[in-house]
Amino acid sequence: MSPDGTTPRNGTTSPGGATSPDGTTSGDGTRNERATLEEKARRRAMLIRAGIYIFATHLFAGFVLLLFALGDRK
């Protein structure tokens, strides 16, 4: 609870300053920095996962093409 008797909407307080209704902080902005770092980590993980899926799909497609090529031989 803050000195004026109100509580923040998200139920937390920040050490860097007052919490606004949208969850950002005034002052040093530690929550914004943390959210930015988490978002960058999520995007990086998504790109890595997408790369793995693309590689695996191409590997599977190559295997299927190999089966067709070997099946077509006489």
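Would you kindly state how much longer the chain becomes between M46 and A69 on full extension, computed as 0.36 nm times their sequence separation minus their alpha carbon distance, in nm to one decimal? Intermediate values should be presented prior to the final figure.
Details: separation 23, 0.36 × 23 = 8.28 nm, distance 3.43 nm.
In short, 4.8 nm is gained.
In order along region 38-46, the Karplus-derived 3J(HN,Hα) couplings, from 6.51 cos²θ - 1.76 cosθ + 1.60 at θ = phi - 60°, round to 5, 5, 5, 5, 5, 5, 5, 5, 5 Hz, and Gly and Pro are given as x. Phi angles of region 64-74 translate, via the Karplus equation with coefficients 6.51, -1.76, 1.60 and θ = phi - 60°, into HN-Hα couplings of 5, 4, 4, 4, 5, 5, 6, x, 7, 5, 10 Hz per residue; Gly and Pro are given as x.
In plain terms, the chain from L37 to H58 could stretch by 4.4 nm, reckoned as 0.36 nm per residue minus the Cα-Cα distance.
The numbers here are math on the coordinates, done by the rules we state, and not lab data. Worth saying up front: this structure is predicted, and the values here are computed from it rather than measured.
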